[in-house]
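Reading through the structure tokens given below for one structure.
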Amino acid sequence: MRTRACLNCKEYILIHPNNPVSQKMVKEFELSHMRHNLMTVDLEEIKGQYKRYDLKDESLENNDGLPLKIS
Ligand SMILES: [Zn+2]
């Protein structure tokens, strides 16, 4: 699975290409890290080192791990 990751903050967000809510969250993530070094990387490469940005509120998730809404 692909993620968008910030090298400065060690945070990442999962990319669900066909989920418009996810696309919005990726945009939001990019905006909040605008002056940082962002990369698109496979989850396996950063797992355990980076923390997940979209898991701050677990109610955003359904059972498939897809975000349901933007707070
Ligand atoms: Zn950042």
inquiry  = Among the residues of segment 3-12, are any surrounded by 14 or more Cβ atoms within 10 Å (Cβ to Cβ), touching a Leu at 6+ places or on another chain (Cβ under 7 Å) and farther than 11 Å from residue 53 by Cβ?
reply    = no
task = Please specify each residue of segment 22-36 satisfying the condition of being farther than 16 Å from residue 1 by Cβ and in contact with a strand residue (DSSP E or B) (Cβ under 7 Å, 6 or more places away or on another chain).
result = 30, 33, 36
query = Filter segment 1-33 for residues that are among the charged types (D, E, K, R) and in a strand (DSSP E or B); which is farthest from residue 43 (Cα to Cα)?
reply = 11
inquiry  = Go through segment 15-35 and report how many residues are away from the ligand (no atom under 16 Å from the Cβ), in contact with a helix residue (DSSP H, G or I) (Cβ under 7 Å, 6 or more places away or on another chain) and of a type in the set (A, V, I, L, M, F, W, C).
reply    = 1
ask   = Hey, among the residues in segment 36-48 that are part of a strand (DSSP E or B) and modelled with pLDDT of 95 or more, which one's farthest from the ligand (Cβ to nearest atom)?
value = 42
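The values are calculated or read from the model by the stated rules, or taken from the named source; none is laboratory data. All figures in this text were calculated on a predicted structure; none of them were measured in a lab. Counting neighbours? That spans all protein chains shown, and the Cβs are built from the backbone with ideal geometry, glycine included.
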